[in-house]
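The values are calculated or read from the model by the stated rules, or taken from the named source; none is laboratory data. The shown structure was predicted, so the numbers you read here are calculated from the model rather than taken from an experiment. Quick reminder, even Gly has a Cβ in these numbers, built from the backbone with ideal geometry, and neighbours come from all protein chains shown. With ligands, DNA and RNA removed, areas are computed over all heavy atoms of the protein, side chains included. Shrake-Rupley method; radii C 1.70, N 1.55, O 1.52, S 1.80 Å.
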Amino acid sequence: MPRDSRRPARTSDRRPSDRRGPDRRTSDRRPADHEERDLSAAPLYSPARVRDLLDRHGLKPTKSLGQNFLIDGNILRAIAEAGGAAPGVPVLEIGPGLGVLTREIASRGAQVTTLEKDERLRPVLAETLEGLDVQVVWGDALDFDYATLPAGTRVIANLPYYITGLLLSRFMRAPGIVSATVLVQKEVGQRLAARPGEENYGFLSAIAALYGSVQHVRDVPKGAFLPAPDVTSAVIRLDFDRTRPAPEQEFLSFVETALHHRRKTLRNNLRLTGMDGDAIDAALEAAGLRADVRAEDVSLGDLRDMAVKLGVIR
């Protein structure tokens with residue numbers, strides 16, 4: 001017998017508001033101000049925030065200035081922590097860029113002075129450093145007088161790779177700077193930490209040891225930057241022992257000469273400067289060194305003995 005009292009299909013009783021899933025006509029659209037709030041809530045180091053800052057201010061990273069912006073929060077925190085950023089500590093930063101590392105350092109209560117050469121970043125830093133106790137000094141880091149820094153200053157910086165060596169030598173010579181925790185090319189970090197006889201030992205290794213000690217903190221992959229650099233980087237901390245007498249300029253020049261061709265013999269390197277061969281031979285013998293010893297295998301103590309015997313220093 002046919003059923004005349006069938007129930008209607010379930011969907012016939014359902015109103016549009018009862019349908020499962022979002023209404024596609026409205027779910028994919030958000031007000032512009034909502035999007036802005038979402039972006040402003042993102043960390044300053046997030047790729048989205050970095051790109052937004054660059055786009056809004058019409059900027060592109062300049063390779064000639066070594067502009068590679070950090071976009072990894074773990075790396076930022078590691079640098080600030082290793083660098084000793086703490087309440088009341090005077091900190092010098094080189095090249096703040098968009099202010100990402102600057103904010104991390106300042107948020108820990110440090111008294112931050114930051115040097116920036118790129119005038120295009122004025123409105124960016126005015127935005128990202130608003131409300132923070134940060135002094136921005138506009139100009140070339142190579143023209144800054146590091147001797148004016150207060151005692152106890154710590155350098156914490158993502159250094160422009162093309163002037164790393166020049167800046168490190170100035171930090172070493174500045175009496176007020178007690179440490180420098182810096183992002184450098186991994187190869188430079190290896191050279192800084194190398195000891196006599198090791199593959200990467202050279203003049204940079206020697207002067208770092210003359211002024212203090214070097215610690216490798218961690219390597220940093222290319223993907224931690226925007227844009228990504230061509231090489232892997234490393235965080236290195238240099239501690240300067242200000243209780244030691246500063247090395248004489250004559251001795252620094254002698255060490256540079258001795259290590260100029262580090263795989264050559266020390267004798268040949270010194271002869272290239274016009275030193276008398278017999279005097280060099282006598283100094284080598286007096287120092288207990290072989291006549292064919294390579295420059296990279298000679299300790300700083302032995303180099304100092306040589307410099308004294310050759311009349312370079314007293």
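Go through Leu289, Leu303 for me and flag whichever is open to solvent by less than 40 Å² (accessible area, probe 1.4 Å) and assigned to a helix (DSSP H, G or I). From the options Leu289, Leu303, the qualifying one is Leu303.
Entry remark, segment 186-210: residues being surrounded by fewer than 21 Cβ atoms within 10 Å (Cβ to Cβ), within 17 Å of Leu252 (Cα to Cα) and in contact with a strand residue (DSSP E or B) (Cβ under 7 Å, 6 or more places away or on another chain) number 0 in total. Evaluation of Thr181 against the conditions (1) open to solvent by 20 Å² or more (accessible area, probe 1.4 Å); (2) closer than 24 Å to Pro90 by Cβ; (3) out of contact with any His (no Cβ under 9 Å at 6 or more places or on another chain) shows that the sole unmet condition is (1). As for segment 100-121, it holds at least one residue that is in contact with a Phe, Trp or Tyr (Cβ under 8 Å, 6 or more places away or on another chain), open to solvent by less than 30 Å² (accessible area, probe 1.4 Å) and closer than 19 Å to Lys60 by Cα. Could you count how many residues in segment 214-260 are open to solvent by 70 Å² or more (accessible area, probe 1.4 Å) and either over 18 Å from Ala283 (Cβ atoms) or in a helix (DSSP H, G or I) (or both)? Result for segment 214-260: 14.
Taking the stated definitions as given, is Asn268 without any contact (Cβ under 8 Å) to a residue 60 or more places away in the chain, assigned to a loop (DSSP other than H, G, I, E, B), of a type in the set (S, T, N, Q) and surrounded by 14 or more Cβ atoms within 10 Å (Cβ to Cβ)?
Values: without any contact (Cβ under 8 Å) to a residue 60 or more places away in the chain: yes; assigned to a loop (DSSP other than H, G, I, E, B): no; of a type in the set (S, T, N, Q): yes; surrounded by 14 or more Cβ atoms within 10 Å (Cβ to Cβ): yes.
It is false that Asn268 is without any contact (Cβ under 8 Å) to a residue 60 or more places away in the chain, assigned to a loop (DSSP other than H, G, I, E, B), of a type in the set (S, T, N, Q) and surrounded by 14 or more Cβ atoms within 10 Å (Cβ to Cβ).
Is one or more of the residues making up segment 129-150 buried (at least 20 other Cβ atoms within 10 Å of the Cβ), modelled with pLDDT under 95 and not in a strand (DSSP E or B)? No, there is no match, as no residue in segment 129-150 is buried (at least 20 other Cβ atoms within 10 Å of the Cβ), modelled with pLDDT under 95 and not in a strand (DSSP E or B). Please verify whether Ala86 is assigned to a helix (DSSP H, G or I), among the aliphatic types (A, V, I, L, M) and surrounded by fewer than 23 Cβ atoms within 10 Å (Cβ to Cβ), treating the condition exactly as stated. Against the criterion (assigned to a helix (DSSP H, G or I), among the aliphatic types (A, V, I, L, M) and surrounded by fewer than 23 Cβ atoms within 10 Å (Cβ to Cβ)), Ala86 does not qualify. Here are the criteria: (1) of a type in the set (A, V, I, L, M); (2) touching a helix residue (DSSP H, G or I) at 6+ places or on another chain (Cβ under 7 Å); (3) surrounded by 20 or more Cβ atoms within 10 Å (Cβ to Cβ). Tell me which single one Ile163 does not satisfy. Just one mismatch for Ile163, condition (3).
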